[in-house]
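Asker: Dropping the structure in here first, questions after.
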Amino acid sequence: MNPFIWQRDNADAVVSEARKLVTRQLPLDARRQFIRRGLTLGGLALLSGCRIDDSATAEAALTRISRFNDAAQGWLFDASRLAPTYPDSMITRPFPFNAFYGESEIPRVDAGSYRLEVTGLVADKRRWQLHELRALPQHSQVTRHICVEGWSAIGKWGGPRFGDFLRAVGADLSARYVGFQCADNYYTSIDMATALHPQTLLAIDWDGQPLPPRYGFPMKLRMPTKLGYKNPKHITAIFVSNTYNRGYWEDQGYNWFGGS
């Protein structure tokens with residue numbers, strides 16, 4: 001059974017599920033203490049092959065559990081299963097701002113000089129301008145953003161499907177990972193199956209208008225099948241690779257897969 005029950009349309013149930021995710025995505029220090037204090041004599045000792053009573057061993061056990069969790073979520077992922085969509089009347093207004101910095105630190109990217117860098121396992125490595133992204137087939141969705149902090153909000157996002165973009169640049173669709181660098185120094189990476197999911201968008205619009213800076217101008221990745229921290233904003237570079245990459249929050253202990 002998929003542990004991320006995206007099929008539930010009841011908002012309270014979805015938020016309740018999101019709160020459960022918080023305990024699965026505890027920050028590194030809290031998770032390390034949980035391992036050391038609660039599971040020293042339990043299953044993690046079997047996984048690590050030794051006592052979990054020091055930081056190095058706890059770290060190793062945590063890494064093994066996190067990798068196992070990522071693999072399990074990847075195995076359960078169904079590229080044909082869609083996240084719920086909602087009517088415009090359910091859009092959260094104002095939609096919350098959320099980042100690892102305050103609103104006064106939102107990066108200001110100039111639309112005229114913006115160029116999206118594309119590297120790695122792709123045939124066409126030219127840089128893309130915003131008007132070229134708008135020339136691709138555009139799609140719109142009203143979906144729920146679920147934050148690991150325990151809150152959720154419904155937003156309307158528009159832009160080309162990421163899968164269409166990857167095909168347009170001749171990406172190797174058998175590659176394992178797609179990574180992102182952002183103007184706010186954020187970075188993350190996702191699996192190729194999620195990149196090709198039909199609801200994964202390169203969002204350049206919000207609620208029918210160009211994406212505002214507070215929501216990620218000039219472009220953010222919108223994936224309703226992932227938790228919020230996997231949806232990077234202010235994207236400046238995309239790379240396709242077979243090399244395992246992590247991310248800003250993942251390097252601080254969050255699971256890499258981060259979704260259903």
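The values are calculated or read from the model by the stated rules, or taken from the named source; none is laboratory data. Keep in mind it's a predicted model, so treat the numbers as computed, not measured. Quick reminder, even Gly has a Cβ in these numbers, built from the backbone with ideal geometry, and neighbours come from all protein chains shown.
Asker: With respect to ILE190, determine if the residue is crowded, with 24+ Cβ neighbours inside 10 Å and either farther than 19 Å from HIS145 by Cα or not assigned by TED's automatic domain parsing to the domain that holds ALA135 (or both).
Answerer: When the stated conditions are applied, ILE190 does not pass them.
Asker: Free of Cβ contacts under 8 Å to residues at least 40 places away in the same chain and under 28 Å from GLU250 (Cα atoms) - does that describe any residue in region 143-162?
Answerer: No, the conditions are met nowhere in region 143-162.
Asker: Among the listed residues PHE180, PHE257, PHE165, PHE217, identify the single one that is closer than 26 Å to PRO84 by Cα and in contact with an Asp or Glu (Cβ under 7 Å, 6 or more places away or on another chain).
Answerer: PHE257
Asker: I would also like to ask the following. From the list ASP172, ASP184, ASP207, which one is out of contact with any strand residue (DSSP E or B) (no Cβ under 8 Å at 6 or more places or on another chain), in the same structural domain as TRP128 (by TED's automatic domain parsing) and farther than 16 Å from GLY259 by Cβ?
Answerer: Every option except ASP184 fails the conditions.
Asker: Okay, moving on. Just one of PHE162, PHE100 is surrounded by 21 or more Cβ atoms within 10 Å (Cβ to Cβ), assigned by TED's automatic domain parsing to the domain that holds LEU211 and within 18 Å of the chain's Cα centre (by Cα); which is it?
Answerer: Unique residue meeting the criteria: PHE162.
Asker: Still on this structure, I have one more. Would you check which residues across region 117-137 are under 16 Å from ASP205 (Cα atoms) and touching a residue at least 60 places away in the same chain (Cβ under 8 Å) and list them?
Answerer: LEU130, LEU133, ARG134 - these are the residues of region 117-137 that are under 16 Å from ASP205 (Cα atoms) and touching a residue at least 60 places away in the same chain (Cβ under 8 Å).
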